[in-house]
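Structure first, then comments.
The values are calculated or read from the model by the stated rules, or taken from the named source; none is laboratory data. Remember, it's a predicted structure, so these values are computed and weren't measured experimentally. Note: ideal-geometry Cβ built from the backbone for every residue, glycine included; neighbour counts use all protein chains shown. Note: areas computed on protein heavy atoms with side chains; ligands, DNA, RNA excluded. Shrake-Rupley method; radii C 1.70, N 1.55, O 1.52, S 1.80 Å.
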Amino acid sequence: MIPGDGIGPEIVEVVRAVVEATGAPIVWEEHAAGAAVFAAGDQSGVPEATIASLRRTGVALKGPLATPVGKGEKSANVTLRKLFETYANIRPVREMPGVATPFSGRGVDLVVVRENIEDLYAGIEHMQTPDVAQCLKLISRIGCERIVRTAFELAVAQNRGTVHCATKANIMKLTEGMVKETFETVAAEYPSIRAEHIIIDNLAHQLVRRPEQFDVIVTTNMNGDIISDLTSGLVGGLGFAGSANLGDDAAIFEAVHGSAPKYAGADRANPAALLLSAAMMLRHLDLLAEADRLEAGLDATLAAGVVTADVTATAGASPVGTRAFGQAVIDRLDAPPRPGARPQQAVRPPRITRLAPPARPRIRRQVGADVFIETTDTPTVLAERLQQLCRDTCYTLAMISNRGTVVWPPTGGATHCIDHFRGRFLITDQLEWTNHSLTRLLDEISGHYRWMHVERLEEIDGTPGFTAAQGQR
Ligand code: NAD
């Protein structure tokens, strides 16, 4: 148990009391992470004792951790998730009794399954020039497979009928496209579950118009981060959004919300999100009856009009403090389950340690190289110089783009060029080409320009392993 920062210790204390009152036989180990650890000079925010405890037990109930803004420290939350490779972030929301929202009565009950390790959140960033920043979006096939399988396994465990996969594969054809492709392959193994792909922006639109149509939504890290805050808004806000971070070696249960520092110590915070997270933890520990009791107690409390101050309650309710809310839940643990509560099993992430061997041999053919160059030259001048510079190599200049849009050969467009160009060079003579040819090309370019990175262009089994530029013919 990690009490955390801000409102963390208060809500964790309440949740612990409720969990104990359900009869769950849990022996707690309390460990630190977050602000106090940063303040003590540990830049990781997660002490070794906390890591050792989690490695031993494999389970944590965690309060929110504050991330110092604008300093060198990385988020202790992200560190914990990454250290234990908890690749699946499960974020369910459902309509809560007694909590009034514009969507009340529509039966919102859905789960966002967010990839938790990869994507832009790998945080691999570089200044390309003093004025151009880059963030690398890495998506792996194994990362896609395990998150997609987790979504289908969750649908099975919770008796849900549909899985939507939300991507931006129409724009990012290789990265987001890999998620979509994996989804379509894995879906075939779950014929009883309806599988639909949806573009992420349309999902945002549909979630606000008709949220009740969604059941399970699987998506990438960045998409999932944003969409799951939206879905929590559908059911009454962050105070009702619980989450589980699942991996092969550890499961970390926490509220989606942060440390809400303005309410720290004020006995005002809503512990419901962490209570819902604790119910997931109990199911993870196969304490299914205890989890059901906890949720029944929470539902009955809200239905009786007992709410914390952040909640827009149905008429007649007056807010209570954090501790009084916890006691009200304990008093109602024997309440019957809410009508329509779905029977739930633990969600077990699939163990995938390596990919199945590819069905076809992986034939990789070198096609060329993209070289990224810093210059204030015009595209025409740059093209002339690059053509001269590659004259004695086995490459020829095929195209120049600026932030992904073709600027040479001229397209008739009106791109505002910044000092960050890509020259696309194609190999003219395959037989002559060696790795040394690429170094030679870079040497020639270095004589005149500063290049900041280079990407090989390869065909994998005859399919280009790179995308065309915008406007490329
Ligand atoms: P926040 O979630 O703490 O607060 C957003 C808003 O929601 C605030 O108005 C807050 O008062 C309210 N709120 C949140 N939880 C509530 C609850 N249980 N009861 C009542 N009101 C609640 O987000 P923030 O202000 O952006 O971040 C504050 C700190 O939390 C930052 O240091 C941030 O890095 C950290 N954070 C941690 C986590 C985590 O531990 N998983 C997640 C998000 C943010």
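Restricting the calculation to Cα atoms, region 109-221 yields a radius of gyration followed by a Dmax of 15.2, 53 Å.
For region 211-293, the list of trypsin sites (Lys or Arg not before Pro) that fall in a loop by DSSP and count at most 15 other C-beta atoms within 10 angstrom is empty.
Diffusion of region 44-95 by Stokes-Einstein, at 4 °C in a medium of 1.567 mPa s and with Rh set to the Kirkwood radius over alpha-carbon pairs, works out to 103 µm²/s.
When only the Cβ of Lys, Arg, Asp and Glu is charged (+1, +1, -1, -1), the dipole of region 364-464 relative to its Cα centre reaches about 140 debye.
Treating only the Cβ atoms of Lys and Arg (+1) and Asp and Glu (-1) as charged, compute the dipole magnitude of region 109-221 about its Cα centre; round to the nearest 20 debye.
160 debye
Compactness of region 224-345 was expressed as the Cα radius of gyration divided by 2.2 N^0.38 Å, which yields 1.06. Just list whichever of 74/173; 74/180; 137/168 have alpha carbons separated by over 19 Å in the model shown. Checking Cα-Cα distances, 74/173; 74/180 exceed 19 Å. Cα gyration tensor of the chain, axes a ≥ b ≥ c as square roots of the eigenvalues: rounded (a/c below 1.5), prolate (a/b > b/c) or oblate? Verdict is prolate for the chain.
Dividing the helix sum by the residues of the chain, where each DSSP H run of 4 or more adds -39500 (n - 2.57), gives a mean residue ellipticity at 222 nm of -10000 deg cm²/dmol.
Placing pseudo-labels 7 Å out from each Cα toward the beta carbon at residue 128 and residue 439 gives an inter-label distance of 2.6 nm.
Magnitude of the charge dipole for the chain, about its Cα centre and with charges confined to Cβ atoms of Lys, Arg (+1) and Asp, Glu (-1), is about 680 debye.
Calculate, in whole percent, how much of the Cα-Cα pair population of region 364-464 lies beyond 16 Å. Every Cα pair in region 364-464 considered, those over 16 Å come to 53 percent. Computing FRET efficiency as 1/(1 + (r/R0)^6) for residue 36 and residue 380, where r is the C-beta to C-beta distance and R0 is 51 Å, gives about 0.30. Sparsely packed loop sites in region 25-120 (the trypsin sites (Lys or Arg not before Pro) outside DSSP H, G, I, E and B with at most 14 other Cβ atoms within 10 Å) comprise 71, 106. Between 124, 218, 187, the Cα set farthest toward the positive side of the dipole of region 109-221 (charges on each charged residue's Cβ, about the Cα centre) is that of 187. You can think of it this way: the chain between residue 197 and residue 69 has 42.5 nm of extra reach, that is 0.36 nm per residue less the Cα-Cα gap. Here the calculated FRET efficiency for residue 286 and residue 403, from their Cβ-Cβ distance with R0 = 51 Å, stands at 0.50, rounded to the nearest 0.05. According to the square roots a ≥ b ≥ c of the eigenvalues of the Cα gyration tensor, what is the shape class of region 77-154, taking rounded for a/c under 1.5, prolate for a/b larger than b/c otherwise, and oblate for the remainder? Here region 77-154 falls in the prolate category. Given region 176-246 reduced to its alpha-carbon atoms as identical point scatterers, what log10 I(q)/I(0) does the Debye formula return at q = 0.12, 0.18, 0.20 Å⁻¹? Cα-only, vacuum Debye calculation for region 176-246: -0.37, -0.82, -0.98. The figure for residue 20 is an accessible area of roughly 90 square angstrom, using a 1.4 Å probe on the protein chains alone. The distance linking region 1-66 with region 192-252 is 25 Å (Cα centroid to Cα centroid, whole angstrom).
Report the one residue of 448, 60, 433 whose Cα lies farthest in the direction of the positive end of the charge dipole of the chain (charges on C-beta: Lys and Arg +1, Asp and Glu -1; origin at the Cα centre). The residue sitting farthest along the positive end of the dipole is 433. Using the Cβ-Cβ distance between residue 140 and residue 190 with R0 set to 25 Å, the FRET efficiency works out to roughly 0.70. Starting from the Cα of residue 174, step 7 Å toward the Cβ, then list every residue of region 404-420 with an amide N under 16 Å from that point. Flagged as within label range: 404-405.
Remark: spin-label model distance residue 415-residue 363 equals 3.2 nm, labels positioned 7 Å along the Cα→Cβ axis. Taken as Cα centroids, region 81-136 and region 268-346 sit 24 Å apart, rounded to the nearest whole angstrom.
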